[in-house]
Each structure stands twice: as structure tokens, then as C-alpha cells.
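> Next up is a structure, given as C-alpha cells.
The values are calculated or read from the model by the stated rules, or taken from the named source; none is laboratory data. The structure displayed is predicted, hence computed values, not measured ones. Cβ atoms come from the backbone with ideal geometry, glycine included; neighbour counts cover every protein chain shown.
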Amino acid sequence: MVRTFGLTLGAGTFAPPRAAGWDVLALASGAHGALRAGARLFALVPGSAVWIPGDVPLTFHLRRRAEIRIAYLRAGRVRRPPAGVEALQAGPLLQALVARAIDRGAFDGRRAGERRLAAVLFDEVALARPAALSLPLPEARPARTVAERLMAEPWLRLGTAELARDAGCSPRTLERAFATELGLGVAAWQRKLRLLHGLAILAAGESVTDAGLDAGYAGLSAFIAAFRREFGASPRRFLKR
């Protein structure tokens, strides 16, 4: 019914194994990086999780040591709207259930007590509220070329003209590619990427000032203002939710 594992990883990439017939719930604590699942990029933030139904591949991109928790849930047991891969708010009960399952290695459906715990875990995932912690990723060139460059260096502040020149197209072509595939302009996509990067740095315990600077903002007030517009709260208040 539920299989799990937890591990501590250093900086780098890690792709957990996938198996047919299992959905995935991924959590990370003390992380500094992101998770890429299908055509979306997710910030790794304590108190959140990423729900990956079906056999969508996923990869952790870590900039420093992190504790990773993966729960494999039997496909079809979680009744969520068909939104696909999404970030969820992981409350204390959901986190505790995943931790308990990791301690045991699995919830065995042949045992009544573990069967009940698994049922509560399925319900918690089904009822978890979405979290605005992801960014859609383009799959077609030239938008993909630009996105890959910016994800490698999210602190860059490059204009559409310079990005288009590097991608070998006109600014108008690049803007149209982003708008058509993602529904976002180049600048809006880049701004969300930088803010998610800053949020991941905050979640790893760094200061708001360091997070803003590493996200490419020249001053603290500019970072806080942009963060509040995007997430509806100041950085510190957002992390305390």
C-alpha cells in the first residue's frame, strides 16, 4: 500500500527509482535546490511536498546537503482532482505519517493498524491544499534553450533581447514561444524562477538578505516587495505558514 525510503544527499542530482502502479509523494527538509518533475520545476520548502501521480520522471537538483523523503503510494488510492504533478501544503500530520512509514519501511496492508495509517495518509494527501511553489517548463526550442540556461544560473538578470540572441532567434519569436507554451512572458517566467530560487535559499536557513542577493536582487527591499507580490506574504511570514 505504501512504500518509503529516506536518505541524506549531498549537492548534485538524484533521480529516485520509479515503478509502474505507484504514485509518489516527495518531501525534503533543510534542502537548498529544486525538484523537477515532468514539465514543472518545484522549490524545495519545508512544510510542502510534491505530488507526482503516474510514472512521471523526477529529479532532485540540490545545491547542498538535504534530507529527502519519498513515499510510494499504490496508484489509484489517492483521490485528488486530475491536476497532475503539483506542490502541496504538507501539514504536521501528513509529515508525521510519512516519517512513521519511513521508520517502518512500508505500511503493510495485511496488518490492520498499518492499513488504517495508510488510509489516513491517503486522505491527507487527497485533502492537502495546493501550494504556489512551481514553475512550468517549456519543452520546445527556443524557449527550452533559454529556460535551461536560466535554471543553471537563476540569479542572472538578462533582458529578452540578450536571451533571444543567445538562443538564435528574435525577441519577438522568444516572447511568442513562452506565451504560447506557458502562458507567461519571458520576464515574468524569469522573475518567478528567481523568486523560487530565493525561497529555496531561505528554506535552507539563509538570511533574507543573502536569499535576495543570490536571487539577483540588488537590494533587500526590492526582493521583499517582489516576493510579497508573488506569494502574498513577506519571506519570513511565508515560511512560518
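> Name the one entry in Gly109, Gly113 that is free of Cβ contacts under 8 Å to residues at least 12 places away in the same chain, under 18 Å from Arg77 (Cβ atoms) and surrounded by fewer than 18 Cβ atoms within 10 Å (Cβ to Cβ). Let's see the steps before the verdict.
Working: Gly109 fails: free of Cβ contacts under 8 Å to residues at least 12 places away in the same chain.
Sole residue among the options that is free of Cβ contacts under 8 Å to residues at least 12 places away in the same chain, under 18 Å from Arg77 (Cβ atoms) and surrounded by fewer than 18 Cβ atoms within 10 Å (Cβ to Cβ): Gly113.
> Looking only at the stretch 73-104, count every residue that is loosely packed, with under 12 Cβ neighbours inside 10 Å and either of a type outside the set (Lys, Arg) or out of contact with any helix residue (DSSP H, G or I) (no Cβ under 7 Å at 6 or more places or on another chain) (or both) and tell me the total. Please lay out each step first, then the result.
Filtering the stretch 73-104 down to residues loosely packed, with under 12 Cβ neighbours inside 10 Å leaves 76, 79, 81-83, 92, 103.
After this cut, where a residue has to be either of a type outside the set (Lys, Arg) or out of contact with any helix residue (DSSP H, G or I) (no Cβ under 7 Å at 6 or more places or on another chain) (or both) as well, the list is 76, 81-83, 92, 103.
Residues meeting the conditions: 6.
> Here is a follow-up. Pull out all pairs, ordered by first then second residue, where Cβ-Cβ is under 6 Å, the residues are six or more apart or on different chains, the first lies in the stretch 5-27 and is in contact (Cβ under 8 Å) with a residue 24 or more places away in the chain, and the second is surrounded by fewer than 16 Cβ atoms within 10 Å (Cβ to Cβ) and of a type in the set (S, T, N, Q).
Thr13/Thr59; Ala15/Thr59
> Only one of these is more than 25 Å from Ala222 (Cβ to Cβ), charged (D, E, K, R) and touching a helix residue (DSSP H, G or I) at 6+ places or on another chain (Cβ under 7 Å): Glu148, Glu181. Name it. So that I can check it myself, show each step before the final result.
On the way: Glu148 fails: touching a helix residue (DSSP H, G or I) at 6+ places or on another chain (Cβ under 7 Å).
Exactly one of Glu148, Glu181 is more than 25 Å from Ala222 (Cβ to Cβ), charged (D, E, K, R) and touching a helix residue (DSSP H, G or I) at 6+ places or on another chain (Cβ under 7 Å), namely Glu181.
> Among the residues of the stretch 82-106, write down those that are part of a strand (DSSP E or B) and under 19 Å from the mean Cα position of the chain (by Cα).
Of the residues in the stretch 82-106, the ones part of a strand (DSSP E or B) are 86-89, 106.
Of everything in the stretch 82-106, those that are part of a strand (DSSP E or B) and under 19 Å from the mean Cα position of the chain (by Cα) turn out to be Glu86, Ala87, Leu88, Gln89.
> Only residues that are in contact with a helix residue (DSSP H, G or I) (Cβ under 9 Å, 6 or more places away or on another chain), in a loop (DSSP other than H, G, I, E, B) and farther than 23 Å from Leu127 by Cβ: list them for the stretch 1-38, please.
Matches in the stretch 1-38: Gly30, Ala31, His32.
> Related question: Out of the stretch 1-31, which residues are of a type in the set (Phe, Trp, Tyr) and closer than 11 Å to Phe60 by Cα?
So in the stretch 1-31, the residues of a type in the set (Phe, Trp, Tyr) come out as 5, 14, 22.
Across the stretch 1-31, the qualifying residue is only Phe14.
> Tell me, yes or no, whether the stretch 13-22 has at least one residue that is closer than 29 Å to Arg236 by Cα and surrounded by fewer than 19 Cβ atoms within 10 Å (Cβ to Cβ).
Step one: filter the stretch 13-22 for residues closer than 29 Å to Arg236 by Cα, giving 13-14.
The next check asks that each one be surrounded by fewer than 19 Cβ atoms within 10 Å (Cβ to Cβ); those that pass are 13-14.
Within the stretch 13-22 (the criterion being closer than 29 Å to Arg236 by Cα and surrounded by fewer than 19 Cβ atoms within 10 Å (Cβ to Cβ)), the answer is yes, since at least one residue qualifies.
> Residue under question is Gly109, and the condition is that it be assigned to a loop (DSSP other than H, G, I, E, B) and within 16 Å of the chain's Cα centre (by Cα); does it hold?
On the way: assigned to a loop (DSSP other than H, G, I, E, B): yes; within 16 Å of the chain's Cα centre (by Cα): no.
No, not satisfied.
> Quick check on Arg79: is it free of Cβ contacts under 8 Å to residues at least 24 places away in the same chain, part of a loop (DSSP other than H, G, I, E, B), over 19 Å from the mean Cα position of the chain (by Cα) and not assigned by TED's automatic domain parsing to the domain that holds His197?
Working: free of Cβ contacts under 8 Å to residues at least 24 places away in the same chain: no; part of a loop (DSSP other than H, G, I, E, B): yes; over 19 Å from the mean Cα position of the chain (by Cα): yes; not assigned by TED's automatic domain parsing to the domain that holds His197: yes.
No: the conditions fail for Arg79.
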